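Undergrad: Encoded as structure tokens, here's the structure I'll be asking about.
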Amino acid sequence: MAIIDPFVMHANALKSRVTRPNDVTMKVKYCGICHSDVCQIRYEWGASEYPMVPGHEVVGVMKEVGCEVADFKVGQTTGVRCMVWSCQTCESCDDGLEQYCPKKIWTYNGVDTDGTPTYGGYSTEMVCDRKYVLGIPENCPLDAASPFLCAGITTFSPMKYYGMTEKGKSLGVIGLGGLGRMAVKCAKAFGLRVTVFSTSPGKEKESRELLGADDFIISTDKEKIKAAESTIDNIIDTVSAVHPVDVYLGLLKTNGKFIMVGIPESPLQFSPNSVISWRRCVGGSLLGGVAETQEILDFCGIYHSFELQQQMMNCWIVCCIQTLEAFCGCNSECS
Ligand SMILES: [Zn+2]
Ligand SMILES: [Zn+2]
């Protein structure tokens, strides 16, 4: 597509660093397209550096292994996600929560430990410190693995941390973009009852038939929203556009949790009474740690059949197309 040509042109002109003793070099096979790639390319978060090589759901085959690396072998399938470094000494790093390390280095649009810019996975090769490289389970197709590295872990991590995985409990998923789709699939794997909330009626068939959602409610359907009040145990809000919050808080039971993983451009508002009178909790979550990301890859390797993986891949392709459409200005949102 013509619009991404400038980035591809720069990517071809840029070289990765040589493989250091603790590095591995990966031949890139697949790289997901995340909504945040579009935000960064468009300077929507106000901190983009150009030339930029986006891409942080990188999957490939190990091409070269540094002399100090003992647990990866040439030819092994591996992945790199949003981070390529953290300090390894702070409390967050000690707790396996490297994504909250104040000195973390992003996979692209960051500054590496040697002062050079970091470049992402829309490339032919990638060099990364071994500590930030994940192993891809043998039964997981490489193309299907890539969305787990950002969208998957971003929804899996809060479900686990906030205690939202108890079989039989209900989960509302707001928005059906990349995050929303992965949230539904993870929730179903945990045995949750899932209701998808979306502004797009066209997503009902996919939600129910492909992703396995139990219910689908159009966010503007006042009657159905009213009927769903105080019926849902927990909600994950994946929408990255400004949207009302009180209406969704009202859907939670007493003690319900409302967890945000999307980042709108402007602040969201809600009434304190929407949480106080039902002891509801509003929280947030960013990505996941290295070990936890390996956990979701292994989890999906164990719990999802090849057929399901392919279904997830099909969902991912749909979202990628929508993301690119949004990027091209054809469509204003992917929720
Ligand atoms: Zn992402
Ligand atoms: Zn740290």
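Undergrad: Counting only residues that are outside any helix (DSSP H, G or I) and surrounded by fewer than 18 Cβ atoms within 10 Å (Cβ to Cβ), how many does the range 138-157 have?
TA: 3
Undergrad: If I filter the range 48-57 for residues that are surrounded by 15 or more Cβ atoms within 10 Å (Cβ to Cβ) and either more than 20 Å from Val111 (Cβ to Cβ) or free of Cβ contacts under 8 Å to residues at least 12 places away in the same chain (or both), do I get at least one hit?
TA: Scanning the range 48-57 turns up at least one residue that is surrounded by 15 or more Cβ atoms within 10 Å (Cβ to Cβ) and either more than 20 Å from Val111 (Cβ to Cβ) or free of Cβ contacts under 8 Å to residues at least 12 places away in the same chain (or both).
Undergrad: Right, another one. Looking only at the range 208-237, filter to residues that are assigned to a strand (DSSP E or B) and among the β-branched types (Val, Ile, Thr); which one of those is surrounded by the most Cβ atoms within 10 Å (Cβ to Cβ)?
TA: The qualifying residue surrounded by the most Cβ atoms within 10 Å (Cβ to Cβ) is Ile236.
Undergrad: Still on this structure, please answer the following. Could you tell me whether Cys82 is within 11 Å of ligand 2 (Cβ to nearest atom) and open to solvent by less than 70 Å² (accessible area, probe 1.4 Å)?
TA: No; evaluated as a whole, the condition is false for this residue.
Undergrad: Of the conditions (1) polar (S, T, N, Q); (2) open to solvent by 50 Å² or more (accessible area, probe 1.4 Å); (3) under 21 Å from the mean Cα position of the chain (by Cα), Asn255 fails just one. Which one is it?
TA: (3)
Undergrad: Which numbered condition in (1) assigned to a loop (DSSP other than H, G, I, E, B); (2) open to solvent by 40 Å² or more (accessible area, probe 1.4 Å) is the only one that Lys205 fails?
TA: Here Lys205 meets the rest and fails (1).
Undergrad: Sticking with this one: Would you confirm, using the coordinates I've provided, whether Val53 is out of contact with any helix residue (DSSP H, G or I) (no Cβ under 8 Å at 6 or more places or on another chain), more than 16 Å from ligand 2 (Cβ to nearest atom) and hydrophobic (A, V, I, L, M, F, W, C)?
TA: no
Undergrad: Being buried (at least 17 other Cβ atoms within 10 Å of the Cβ) and either in a loop (DSSP other than H, G, I, E, B) or within 16 Å of ligand 2 (Cβ to nearest atom) (or both): is that true of Met26 here?
TA: So Met26 does not fit the description; no.
Undergrad: For the range 131-154, what are the residues that are among the β-branched types (Val, Ile, Thr) and closer than 18 Å to Leu211 by Cα?
TA: Ile153, Thr154
Undergrad: Leu134: touching a Lys or Arg at 6+ places or on another chain (Cβ under 6 Å), open to solvent by less than 10 Å² (accessible area, probe 1.4 Å) and either within 30 Å of Lys257 (Cβ to Cβ) or within 16 Å of ligand 2 (Cβ to nearest atom) (or both), yes or no?
TA: It is false that Leu134 is touching a Lys or Arg at 6+ places or on another chain (Cβ under 6 Å), open to solvent by less than 10 Å² (accessible area, probe 1.4 Å) and either within 30 Å of Lys257 (Cβ to Cβ) or within 16 Å of ligand 2 (Cβ to nearest atom) (or both).
Undergrad: Identify all residues within the range 127-167 that are closer than 23 Å to Cys87 by Cα, aliphatic (A, V, I, L, M) and away from ligand 1 (no atom under 16 Å from the Cβ); write none if there are none.
TA: Val127, Val133
Undergrad: For Glu265, indicate whether it is in contact (Cβ under 8 Å) with a residue 60 or more places away in the chain and within 30 Å of Arg42 (Cβ to Cβ).
TA: yes
Undergrad: From the list Cys128, Cys140, which one is more than 16 Å from ligand 2 (Cβ to nearest atom), modelled with pLDDT of 90 or more and on the phi < 0 side of the Ramachandran plot?
TA: Result: Cys128 is the single residue among Cys128, Cys140 that is more than 16 Å from ligand 2 (Cβ to nearest atom), modelled with pLDDT of 90 or more and on the phi < 0 side of the Ramachandran plot.
Undergrad: Ok, one more. Restricting to the range 168-195, and then to whatever is open to solvent by 10 Å² or more (accessible area, probe 1.4 Å) and modelled with pLDDT of 95 or more, can you tell me which residue is nearest to ligand 2 (Cβ to nearest atom)?
TA: So, considering only residues that are open to solvent by 10 Å² or more (accessible area, probe 1.4 Å) and modelled with pLDDT of 95 or more, the one nearest to ligand 2 (Cβ to nearest atom) is Lys169.
Undergrad: Suppose we keep only residues that are touching a residue at least 40 places away in the same chain (Cβ under 8 Å) and within 11 Å of ligand 2 (Cβ to nearest atom) within the range 97-125. Which one would you say is surrounded by the most Cβ atoms within 10 Å (Cβ to Cβ)?
TA: Glu98
The values are calculated or read from the model by the stated rules, or taken from the named source; none is laboratory data. Bear in mind the structure is a predicted one, so any value in this text is a computation, not a measurement. Backbone-built Cβ (ideal geometry, glycine too); neighbour counts: all protein chains shown. Protein only, heavy atoms only, side chains kept; ligands, DNA and RNA dropped before computing areas. Shrake-Rupley method; radii C 1.70, N 1.55, O 1.52, S 1.80 Å.
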